[in-house]
1. On C-alpha positions alone, give me the angle between the axis of helix A:297-336 and the longest principal axis of chain A, in degrees, nearest 10.
2. Please give the direction-averaged projected area of the C-alpha convex hull for the protein assembly as shown, in square nanometres with one decimal.
3. Could you work out which residue, out of B:V134, B:V296, B:V79, moves most in a Gaussian network model of chain B, that is, has the largest mean-square fluctuation with Cα springs under 10 Å?
4. If you find the alpha carbon centre of segment B:247-316 and of segment B:103-145, how far apart are they in angstrom?
5. Could you work out Rg/(2.2 N^0.38 Å) for segment B:64-112, with Rg from alpha carbons only?
6. Given a cut-off of under 8 Å on Cα pairs at least six residues apart, what relative contact order in percent is computed for chain A?
7. Given 20 °C and 1.002 mPa s, compute D for segment B:136-182 with the Stokes-Einstein relation, Rh being the Kirkwood radius over Cα pairs; round to the nearest whole µm²/s.
8. Could you quote the convex hull projected area for segment A:232-337, Cα atoms only and averaged over all directions, in nm²?
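Where a number appears in this text, it was derived from the coordinates with a stated rule and is not lab data. These figures come from a predicted structure and were not determined experimentally. In this analysis, Cβ positions are derived from the backbone assuming ideal geometry, glycine residues included, and neighbour counts consider all displayed protein chains.
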Amino acid sequence: MNQSKNGKISSFFRRAAQLRILFLVFVLFIALSILSPTFRKLEFILENVLRPASIIGILSLGMTFILASKGLDLSVGSIAALSSSVGVMAFYKYDYPIWLGIVIGVLIGILFGLFNAFFITKLRVAPFIVTIATLSIGRGLTLVLSGNLFTYGLPDSFRDIGRGSFFSIPTPFLITLLLYGVSYYLFNHTRLGKYACAIGSNETAARVAGIQVDRYKTFYYIFIGFLSALAGLIFSARANMVAITTGMGYELDAIASVILGGTSMAGGGGSITGSFLGAIMLMLLDNGLQLLGINTFLQKTIVGMIIIIGLAYAAWQDEQARKSARKKMTEKVLSNQ
Amino acid sequence: MKSKKINKFREFAGNNGMILVLIVLMGFMSLLSDKFLSTSNLVNLAIQNCTVAVVAMGISFVLISGGIDLSLGSIVGMVAILTCGLTEYNGWQEWQSILFSLILALGVGALNGWIITRFKIEPVVVTLGTWYIVQGLVQNYILSRVPTAPPFTSFLGSESVFGIPVIVIVTVLLILAAHLILKRTVLGQWAYAMGSNPAAARLSGVPVNKARIIFFMLSAFYGFACALLMTGRIHAVDASAGSGLVFLAPAAAVVGGTSLFGGRGRALNAVIGALIMGVIANGLNLTRVSFFWQQVAVGAAILIAVTIDALQRRRD
């Protein structure tokens with residue numbers, strides 16, 4: 001009886017975290033559209049919020065699996081840079097067909113994911129340090145390969161991936177929606193998601209229960225490597241260039257949107273929808289600050305504050321709920337006596 | 001008898017494996033370039049790696065006590081930018097801006113510790129948040145200006161006393177102080193106890209929450225020191241100051257042999273880790289390998305170091 005009640009309370013809080021981000025996105029959107037008439041145009045939202053939000057949105061999907069399983073991946077930005085520069089180089093410099101370039105880029109992302117997973121699962125090195133190392137390696141290789149040069153003027157058919165639209169919905173956002181659907185299904189309706197939460201809340205227990213922890217972890221890192229490559233390629237297509245700075249800081253924006261979306265860094269649970277909304281919220285915030293003429297540097301400060309205050313508030317709420325539950329229980333016991 | 005000796009050797013190698021790696025690495029680099037072992041290059045090497053050693057030392061307090069501090073790089077940036085910026089643009093005296101940034105740095109450290117202990121949130125997230133807050137505010141202050149280092153800071157970073165660079169003296173003193181704190185004071189005992197088993201530490205009377213706040217403040221203090229040395233050495237700062245140290249600091253500490261999982265680490269490890277990273281960069285520099293490959297090499301070095309560490313732990 002009590003257990004089901006506790007379960008109800010905790011599931012309420014998990015849902016509350018998701019509602020919180022939905023509420024925040026809604027409030028921010030309303031506030032911005034009151035402040036500026038341009039925000040009331042659908043076209044503006046599609047082009048200036050949803051199109052740029054796609055890149056961090058894609059990364060945040062993979063990051064949800066990683067954080068839910070109590071892992072960490074700091075190398076997403078440099079994987080994005082490496083796979084996009086190699087992929088673009090393949091058709092830009094060596095005249096391979098474009099689809100082959102994309103495939104090569106994606107394969108590099110997958111390979112890096114596998115590389116991370118090998119060190120994390122086979123050698124039991126902390127994900128934090130492994131992915132710092134691959135961050136450095138990936139960024140270095142990108143610099144070596146691109147020779148510190150910017151590449152401009154990519155072929156139109158490739159650029160359409162980034163700048164095109166279907167029925168005025170931006171192509172990158174459509175891709176993100178598709179990936180969102182896939183991730184949502186994997187996270188909520190297959191073992192991949194359930195086991196991520198199981199591994200995140202207690203890895204030893206998950207192992208004892210017969211979950212092949214290493215195999216699942218490997219999948220999560222490969223998945224985020226794949227998504228990073230896609231994000232990098234979409235960025236290149238949209239920006240019409242390959243730059244050595246591609247993807248710098250993506251890892252933190254992705255982690256921030258996942259945390260904003262209510263996934264705990266302590267592992268054990270997560271929300272794909274929340275992460276997706278978190279990425280959109282970051283972009284709304286970016287636009288809002290530009291609109292108000294506030295320096296975009298302050299965007300970082302605000303995101304930091306939202307993360308800390310949001311989590312502290314959630315923790316405080318949780319504490320109060322536990323206290324009142326305990327009080328009720330004591331009263332019940334006393335009245336029974 | 002013999003097996004005892006072998007065991008002792010194993011224990012020594014286990015504790016000091018990274019020193020051996022450093023020696024091998026230096027031997028290898030001296031084969032690659034005959035300039036490597038020249039006095040001027042070795043002095044250079046020492047000066048270049050002081051700042052990383054200090055900041056790695058700072059983060060070691062947090063790592064040993066079972067936490068992580070991502071905001072340290074932004075604290076370094078903040079101190080560097082405020083010390084130079086306030087003096088140059090806002091008409092403050094140098095000691096005023098140094099004192100002000102010291103108070104702010106300790107404040108950020110205390111805030112980190114307080115939020116983590118009061119609300120029981122993961123250190124990674126809290127310090128990610130404070131990193132963002134601090135960096136955003138500081139960049140908003142400095143914009144694209146590039147202030148130069150005031151006199152005392154310059155003295156710390158690039159002058160010599162009796163032929164020994166001040167930066168090296170300060171670093172040695174800081175590392176020595178850290179060593180004494182870790183090995184000779186109750187604070188050090190708390191750090192190891194908390195890092196190996198927080199619940200047991202709490203039960204045996206360690207004031208875990210207070211101690212965590214102190215370790216974050218110590219970490220911030222070392223960040224402050226690193227910032228002064230860094231600005232003094234390179235004479236000017238811009239908005240990106242300290243951003244390279246965010247990941248480099250924990251990486252150097254871990255390469256030196258400090259555990260990311262808490263409970264294990266020494267002051268010396270921070271120095272060794274910083275030197276290993278420094279020797280790779282310096283050696284490759286002398287052999288004219290491009291900076292780009294150096295980044296790859298540093299990443300590979302981290303992987304090799306942690307792999308050795310992991311294999312060793314498994315054997316134990």
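1. 20
2. For the protein assembly as shown, averaging the hull's shadow over all directions gives 35.1 nm².
3. The residue that fluctuates most here is B:V296.
4. One Cα centre to the other: 26 Å.
5. 1.29
6. Values: 509 pairs, mean separation 105.9, N = 337.
Taking the mean separation of contacting Cα pairs over the length of chain A, I get 31 percent.
7. It diffuses with D of about 163 µm²/s by this estimate.
8. Result: 9.9 nm².
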